[in-house]
Amino acid sequence: MASLNLLVSVCLGYVALLFLVAALAERAAAMGRAQWLRSPLVYTLSLSVYCTGWTFYGAVGYAARSGLEFVTIYIGPTLVMIGWWWGLRKLVRIGRSQRVTSIADLLSSRYGKSNGLAIGVTILCVISVTPYIALQLQSIALSLSVFTEEDATRTMETGAFWAAIGLGIFAILFGTRNLDANERHHGVVIAVALEAVVKLFALIAVGVFVVWGLAGGMGETLARIDVSEIGQWEVHGGRWTAITLLAAAAVICLPRMFQVMVVENEDERHLRVAAWAFPLYLLLMSLFVIPIAVVGLDLMPQGSNPDLFVLSLPLSQGNEGLAMLAFIGGFSSATSMVIVAAMALSIMISNHVVMPIYLSTRSGQGASISGDVRHVVLLSRRIAIAAILVLGYLYYRLSGGGAALAAIGLIAFAGIAQILPALVGGLFWRGATRAGALAGLSLGFAIWVYTLLLPGFGANGLLPASVMEQGPWGIDWLRPYALFGITGMDTIVHSVLWSLSLNTAVFFAVSMMTFPGPVERLQGAQFVNVFDHSFGPRGWSGSVAQSEDLMIMSQRILGPAEAQDLFQREAERQGARGHLPEPTPAFLETLERELSGSVGTATAHAMVGQIVGGSAVSVEDLLAVADESAQMLEYSSRLEEKSAELTRTAAQLREANEKLTQLSVQKDAFLSQVSHELRTPMTSIRAFSEIMRDEDGLSAEEKARYAGVIHDEALRLTRLLDDLLDLSVLESGQVSLDMRSGQLTDVLDQAVAAALAGTTEGMAVHRRGVDEAVALYTDLDRLAQVFINLIANASKYCDAARPELTIRVRNLGDRLAVDFLDNGSGVPVHARALVFEKFARVSGDKAGGAGLGLAICREILERLGGDIHYLNDHSGGAFRVILPKAHAMAAQ
Amino acid sequence: MSARRPSVFLERETYRRRRIMDAARLLPILGLALFAIPLLWPTPDTAGPETDPVPMSTAVLYIFGVWAFLIGLAFLFGLKSRGWGPMGSEGLGDEDAR
C-alpha cells in the first residue's frame with residue numbers, strides 16, 4: 001500500500017509539472033511561438049474539462065447502480081457537438097464578436113448590457129457549481145481514503161480539507177497569473193489539455209487491464225455483462241430523457257464549459273474538429289465504464305463503494321502502479337475542473353459583482369481613482385476563488401459527503417440548465433427581453449433550489465422533515481418532491497420538468513408582454529443575426545473623451561505595458577507616432593472591447609462612458625446626438641447663408657467704395673476741367689482789359705475789337721456757367737419738370753428753328769411729318785433743349801460738303817425713338833464712349849463749346865425717363881433719343 | 001433556413017453545399033431519435049411472458065454503435081465543410097474583423 005505521503009508528493013509533483021507546462025505555454029504564447037497551442041486538438045482536449053472526477057470515478061458507480069443510464073451524461077453533449085452547425089457555431093461567433101468573457105457576460109450583453117441580469121446569472125452559477133466543486137473534493141477525498149488503511153472517515157475529512165486548500169492555491173496561481181484582455185489563458189488551456197490526455201490514458205489503462213487482464217477478453221466481458229446485476233436493459237424513460245437534456249444544457253451553460261468552449265476559443269474553425277473529436281473523447285471515456293462496473297461488482301466484496309472501482313479494482317489485484325495511474329487520472333479530472341470552474345466563476349464575480357460596486361463607490365472620482373484597478377480585479381478574483389472553494393467545502397460537509405457522486409452532479413446540472421431558455425431564446429429569438437429572461441431564470445432557479453438543492457442536504461438538513469412530508473405550512477401541493485400533488489416521480493425528473501418548463505413558459509410569456517429597451521433590441525438583432533453583420537455598431541460618439549484619462553484608466557486595468565502598447569498601436573494607425581491617439585469612435589470601441597475582457601462588457605461600457613461623458617450610449621442618446629447634429633447642420637447652414645450674405649454685402653460695399661473713389665476722381669477731374677475752362681476766357685478778358693486800361697494810344701477801332709473780345713469771352717463764361725448750373729441741377733435731381741402735353745412735331749419744329757437760327761450755311765433737314773404726329777406728355781422745353789443741342793451739334797460738326805440732317809421717328813413698342821442722322825463722318829470710334837461725358841470735346845475747339853451739351857442731354861433724358869445713345873451702325877453722326885411712350889399714351 | 005439570397009437557382013455546387021448544411025442541422029435530431037429508440041425496448045418491468053428483456057451487451061453495442069455512427073457522420077461533415085472557407089452566405093470563414 002502506498003503511503004499517504006507518497007500520494008501527496010505524487011500529487012504535488014504532478015501539479016508542479018502542470019504548472020511548468022502552463023508557464024512554458026504562456027511564455028511561448030507571449031513570444032508568439034504558440035501555433036500548436038492554437039490547434040483544434042488542444043481545443044478539443046480542453047473541452048474535456050467536462051469530464052470531471054464525477055466522470056472518472058462516478059460513471060462507474062453510476063453504471064453499477066443504474067446500468068446504462070450513465071451514458072446520458074455524454075449523449076447530451078454529443079448531440080450538442082454534432083449539431084454544432086446549428087447552435088455552437090453561432091454561440092462561438094457571438095462570443096468572439098462581442099468579446100464575451102463568461103456566460104453571465106453573454107446574457108448581460110444580449111439583454112441590453114444589463115448588469116442586474118449578469119449578477120443574477122453569476123449568483124445562479126456560483127450556487128449551482130458549488131455542489132459540483134464539493135463533488136470534486138469528495139472524489140479526491142474518496143480516492144485518498146482507498147489508499148489508506150487507517151480510519152477512512154478521518155482521512156476523507158482531512159483529505160477534503162487539504163484538497164480544498166490545495167486546489168484553491170492551485171487555481172489562484174493558475175487562473176489569476178495575469179489579466180488578459182480576452183480572458184484567454186493559454187497556460188491553463190494547455191494544462192487542461194494535458195490533464196485530458198492523462199485522465200483518458202488512465203481510464204483506458206484501467207479498462208484494458210479489466211477487460212483483457214481480469215475478464216479475459218472482449219467476448220468474455222460481454223458475456224459477463226449479461227449475467228451481472230446490471231445484465232438487462234433497464235432504463236427509466238423519464239430519467240433518460242431528462243438527464244440527456246440536462247447534460248446537453250450543461251455542456252453549453254456550465255461556466256467552465258463556456259470558458260473553454262467560447263471564451264478560450266481561438267478560431268471558430270476548431271469547432272469543426274471538436275464536433276467529432278470531442279464526442280469521440282467522450283465515447284472513449286465511457287467505453288470501459290460498464291466492463292469496469294461489471295467486473296467490480298463481480299470481484300469486489302459486497303458493500304464496497306462502486307464509485308471507487310476504478311481505483312480499488314487494480315489495487316485489490318495488487319497492481320499498485322495502475323492504481324497510482326488511476327489516482328492521478330482522477331486527480332487530474334478533479335483539478336482541471338476546479339481550476340477552470342473557479343477561474344470562470346471568479347471572472348464572473350469580479351466583472352459583474354465586485355467591479356461595478358467598486359466603481360460605483362468611486363464614481364465621483366472618475367478616472368482619477370487612486371490605486372490600481374488591475375490590482376483590485378486580481379485581488380477580487382483571488383478572493384472569489386477562495387470563497388468558491390470554501391463554499392464547496394461547506395457543501396461537502398453539510399451534505400454529509402455520503403451521497404453518490406452522480407446525484408450531486410445532477411443537482412448541479414439541473415441548476416445550471418436554468419440558463420438554457422434565456423440563452424437559446426436570446427440566440428434565436430429577437431423578441432426575448434431582459435424582463436422575460438430575468439423572470440424565467442428567477443422562477444426556474446427558485447424551483448430548482450426548492451425541489452432539488454435544499455432537499456439534497458438530507459431529510460433534516462436545511463429543510464425540516466415536516467416540510468418535506470407535508471409541504472410548507474401544511475400546504476400539500478407544495479411538497480418539494482411532489483409539486484402540484486404529483487407524487488411518485490423521480491426527484492430529478494420532477495425538478496427538471498417543473499423548473500425548466502415553468503422557466504421557459506414564464507420567459508416566453510414575460511418576453512411577449514414586455515417591451516425591450518433600445519440597447520436590448522440592438523443587441524438582440526446583433527445576436528440573432530450574428531452571421532449577417534460582423535461587428536456591432538456600439539459606437540461612442542465622444543470626441544470629448546480625454547485620451548490621457550483613457551490612458552490612465554486603461555493602464556490600471558490592462559497593466560501599463562499592455563495599455564501603452566495598445567495606445568501606441570492605435571496612434572501609429574492614426575498616423576500620430578509618439579503621441580496619444582485621438583479618441584475616435586472606432587478607437588473607443590476597440591478600447592471598450594479590450595477593457596471588457598478584464599472587467600466585463602457592462603463595466604467597460606460604464607467606465608469608458610464615465611470618461612467620455614455620456615454614461616451609456618443608448619439609442620435615445622444616439623437619437624439625441626442625431627438631433628443635435630441636425631440642429632448643428634441647420635445652424636451651420638444658417639451661418640453659411642449669413643456668410644454668403646456678408647460676402648454679398650462686402651462685394652456691394654467694395655463696389656460702392658469703387659464708385660465713390662471713381663466719383664471722387666471724377667469730381668477732381670471735373671473741378672480741374674472747370675477751372676481750366678474758366679481760366680481760358682478769364683485770361684483773355686484780363687489780358688484785353690489790361691491792354692485797354694494801360695495802353696493810352698488805342699484807336700477806337702482797336703478798343704471796339706478788344707471790348708468785343710472781352711464781351712465774347714464773358715458770354716462764353718456765362719454760357720459755361722449756365723451749363724454747369726444746369727448740369728448740377730439736373731444731376732442733383734433737384735430739377736423741377738414742367739410736364740405738359742404737346743406734339744412731337746411742334747417740339748421738333750421749335751428745335752430746328754432755334755438751332756439753325758443764325759447759322760450761315762444752311763443745313764438741309766429731312767423729316768417725315770406723318771411719323772412725327774405723336775402726342776407727348778413731358779417737359780417740352782427740356783425736350784426741345786435736347787433736340788436743339790443735337791441739331792446744333794449736327795450743324796456744327798457735320799463735315800460734309802452739303803450737310804444734311806435726317807430726323808427719323810420710330811416706334812419701338814412702348815417706347816419712341818427719335819434719330820438724328822447726318823451725312824458727315826460722324827464721331828470717331830474711340831470717342832463714341834466719351835461723347836456723353838462732361839467736357840468731352842471730340843474735335844478740338846472748333847465750335848468753342850464747353851463740352852457739356854451731350855452730358856446735359858443725357859441727364860435731361862434720364863429725368864424724363866428716356867435715354868440717348870450713339871448709333872454705331874450708321875456711317876455719319878447718329879444719335880438716338882428714346883422717349884417713353886407711356887407718357888405719350890397718358891397724353892392722349 | 002433556406003437560402004437568403006434572392007436567386008432562385010443556385011450553382012450546382014452551392015446547392016449541394018446547402019443540402020449538406022441541412023443534413024448537418026438534422027444530425028442532432030437523427031441522434032436524438034436513434035438514442036430514444038432503446039426507450040421502446042422491453043425492460044424487466046414491461047417485458048411480457050413471451051418477450052425477453054434486452055440483454056445489456058446488446059444495449060451497450062447498440063448505444064456505442066450509434067454513438068460511433070454519429071461521430072463518423074460529424075467527421076464526414078467536418079471534412080466536407082473544410083474547404084468552404086469564406087464562401088457561402090453563412091460560411092464558416094466569414095472573417096469577423098480581426
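The values are calculated or read from the model by the stated rules, or taken from the named source; none is laboratory data. The structure presented is a predicted model; accordingly, all values stated were derived computationally and were not measured. FYI the Cβ positions are ideal-geometry reconstructions off the backbone, even for glycines, and counts take in every protein chain you see.
Looking only at region A:196-230, which residues are within 14 Å of another protein chain (Cβ to nearest Cβ) and in contact (Cβ under 8 Å) with a residue 24 or more places away in the chain?
Within region A:196-230, A:GLY207, A:VAL211, A:ALA215, A:THR221, A:ARG224, A:ILE225, A:SER228, A:GLU229, A:ILE230 qualify.
Return the total of residues in region A:825-858 being modelled with pLDDT of 70 or more and more than 30 Å from A:LEU776 (Cα to Cα).
Within region A:825-858, residues that are modelled with pLDDT of 70 or more and more than 30 Å from A:LEU776 (Cα to Cα) number 6.
Would you mind stating whether A:ALA248 is aliphatic (A, V, I, L, M) and within 10 Å of another protein chain (Cβ to nearest Cβ)?
yes
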Kindly indicate the residue of region A:223-247 that is among the small types (Gly, Ala, Ser) and assigned to a loop (DSSP other than H, G, I, E, B) and also modelled with the highest pLDDT among those meeting that condition.
-> A:SER228
Which condition number in (1) within 56 Å of the chain's Cα centre (by Cα); (2) over 23 Å from B:TRP67 (Cβ atoms) is the one that A:GLY321 fails?
-> (1)
Among the residues of region A:738-766, count how many are surrounded by 14 or more Cβ atoms within 10 Å (Cβ to Cβ) and outside any strand (DSSP E or B).
-> 12
From the residues in region A:82-108 that are polar (S, T, N, Q) and over 22 Å from A:VAL126 (Cα atoms), which one is farthest from the other protein chains (Cβ to nearest Cβ)?
-> A:GLN98
Name the one entry in A:ALA326, A:ALA334, A:ALA341 that is away from chain B (no Cβ under 14 Å), under 30 Å from A:ILE127 (Cβ atoms) and in contact with a Pro (Cβ under 7 Å, 6 or more places away or on another chain).
-> A:ALA341
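Go through region B:50-63 and report how many residues are part of a helix (DSSP H, G or I), of a type outside the set (Val, Ile, Thr) and more than 7 Å from chain A (Cβ to nearest Cβ).
Count: 2.
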Residues of region A:767-789 satisfying the condition of being assigned to a loop (DSSP other than H, G, I, E, B), among the hydrophobic types (A, V, I, L, M, F, W, C) and without any contact (Cβ under 8 Å) to a residue 60 or more places away in the chain = A:VAL770, A:ALA773
Check A:ALA754 against each of (1) closer than 23 Å to A:GLU677 by Cβ; (2) among the small types (Gly, Ala, Ser); (3) touching a residue at least 24 places away in the same chain (Cβ under 8 Å) and name the one condition it does not meet.
-> (1)
Does A:ILE347 satisfy the condition of being modelled with pLDDT of 80 or more, in the same structural domain as A:GLY392 (by TED's automatic domain parsing) and touching a Lys or Arg at 6+ places or on another chain (Cβ under 8 Å)?
-> yes
Right, A:THR72: within 13 Å of chain B (Cβ to nearest Cβ) and under 17 Å from A:ALA248 (Cβ atoms) or not?
-> yes
Has region A:265-279 got at least one residue that is part of a helix (DSSP H, G or I), more than 9 Å from every other protein chain (Cβ to nearest Cβ) and in contact with a Pro (Cβ under 6 Å, 6 or more places away or on another chain)?
-> yes
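Taking the residues in region A:767-795 that are surrounded by 17 or more Cβ atoms within 10 Å (Cβ to Cβ) and charged (D, E, K, R) as candidates, determine which candidate is farthest from the chain's Cα centre (by Cα).
Out of the qualifying residues, it is A:GLU772.
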Which condition does A:ILE119 not pass, out of (1) within 30 Å of A:LEU522 (Cβ to Cβ); (2) surrounded by 22 or more Cβ atoms within 10 Å (Cβ to Cβ); (3) more than 14 Å from chain B (Cβ to nearest Cβ), if it passes all the others?
-> (2)
Residue check, A:LEU522 against (1) out of contact with any Pro (no Cβ under 8 Å at 6 or more places or on another chain); (2) assigned to a helix (DSSP H, G or I); (3) modelled with pLDDT of 70 or more, all met but one. Which one?
-> (1)
Would you confirm whether any residue within region A:26-47 is closer than 30 Å to A:ASP298 by Cα and either more than 14 Å from every other protein chain (Cβ to nearest Cβ) or in contact with a Lys or Arg (Cβ under 9 Å, 6 or more places away or on another chain) (or both)?
-> no
Yes or no: A:LEU79 within 14 Å of chain B (Cβ to nearest Cβ), part of a helix (DSSP H, G or I) and closer than 26 Å to A:MET285 by Cβ?
-> yes
